[in-house]
């Protein structure tokens, strides 16, 4: 009985410590891009760097999400996913996001969006505060890798992704010779360390090819917000 009590106390202390970490602001919040970085979203650029993945009724590929004050871009449900006009191979990404507070919504219906590298490999965006780490919760690489920790802050809180992505390698004949790899930090904490991506994730937008592709953001019918997005190649 004594051992059980000690175990429960230790678990409580550990859970409390982790909860404290969840509440801390990310150390990379507001991080400024290096001089040669490609800025995809800030107070000056608006949504010019983004295109709709499906053209609108007028035939335009202009981004139809909502631009709010201070360079914040919000998903407009029903307008479909968007992609950066700039296409990438290897990259270092900084991105800030905020899931909305939505009463009565839980699981995959709460603050759902997604960050697709090259439109091929998804890192989940979700309101997952306090949930066990899973591949379909915030920070998960969908159907491929569970995050080491759930470092998701509460809904309504600005959060950060800092990601190092290495594209797959191909020979001159178009045969893949090395899988893509990814290292992910959520709110400044390492949750994936050089994880191999042997295939595209479920519901990806693009198949694997040698060509570079854009950074995709998903419309999953929740008004998730994004800001301060930049890439260093």
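If one puts a single equal scatterer on every Cα of the chain and applies the Debye formula without solvent, what log₁₀ I(q)/I(0) results at q = 0.12 Å⁻¹?
-0.66
Counting helices only, and only those DSSP H runs with n ≥ 4, report the 222 nm mean residue ellipticity of the chain as the sum of -39,500 (n - 2.57) divided by its residues, in deg cm²/dmol to the nearest 500. Walk me through the intermediate numbers first.
Details: 1 runs with 22 residues, N = 233.
Helices in the chain give a 222 nm mean residue ellipticity of -3500 deg cm²/dmol.
Which of the peptides 32-39, 146-153 is most tightly packed, and how do the rest follow, judged by the mean count of other Cβ atoms within 10 Å per residue?
Working: 32-39: 12.2, 146-153: 21.0.
Per-residue mean Cβ counts within 10 Å order the peptides as 146-153, 32-39.
Let me know the Kirkwood hydrodynamic radius for segment 155-233, please, with Cα pairs as the basis and the value in Å to one decimal.
14.8 Å is the Kirkwood radius here.
Quick one: helix 2-23 against the long Cα principal axis of the chain, what's the angle to the nearest 10°, folded into 0 to 90?
Helix 2-23 sits at roughly 30 degrees to that axis.
I need 79, 200 ordered by Cβ neighbour count within 10 Å, fewest first.
79, 200
Could you calculate the contour length gain from residue 61 to residue 149, that is, 0.36 nm times the residue separation minus the distance between their Cα atoms, to one decimal place in nm?
Numbers: separation 88, 0.36 × 88 = 31.68 nm, distance 3.75 nm.
Between residue 61 and residue 149, full extension yields an extra 27.9 nm.
How far apart, in nanometres, would the label points at residue 209 and residue 43 be if each is projected 7 angstrom from Cα along the Cα-to-Cβ direction?
Simple spin-label model gives 4.0 nm for this pair.
Let a ≥ b ≥ c be the square roots of the eigenvalues of the Cα gyration tensor of segment 70-160; is it rounded (a/c under 1.5), or, if not, prolate (a/b larger than b/c) or oblate? Can you show the working numbers first?
Numbers: a/c = 1.64, a/b = 1.19, b/c = 1.38.
Verdict is oblate for segment 70-160.
Could you check the spin-label model distance between residue 134 and residue 70? Points 7 Å from the Cα along Cα→Cβ, value in nm.
3.3 nm
Which order do the peptides 88-94, 173-179 come out in when sorted by mean C-beta neighbours inside 10 angstrom, highest first? Numbers along the way, then the final one.
Working: 88-94: 18.4, 173-179: 10.4.
Highest-to-lowest ranking by the protection proxy: 88-94, 173-179.
So for the chain, averaging the separation of alpha carbon pairs under 8 Å that are six or more residues apart and normalising by length, what relative contact order in percent results? List each step's numbers first, then the result.
Working: 560 pairs, mean separation 66.0, N = 233.
Dividing the mean separation by the residue count of the chain yields 28 percent.
Kindly list the residues of segment 110-134 that lie in the label zone of residue 80, defined by a backbone N under 19 Å from the point 7 Å along the Cα-to-C-beta vector.
The answer is 113-121.
Which residue, 171, 81, 70, tops the fluctuation ranking in a GNM of the chain built on C-alpha contacts under 10 Å?
171
Every number in this text was worked out from the coordinates using simple rules, so none of it is lab data. What you see is a predicted model, and the numbers here were worked out from it, not measured in a lab. As a convention, Cβ positions derive from the backbone with ideal geometry for all residues, glycine included, and neighbour counts pool all protein chains shown.
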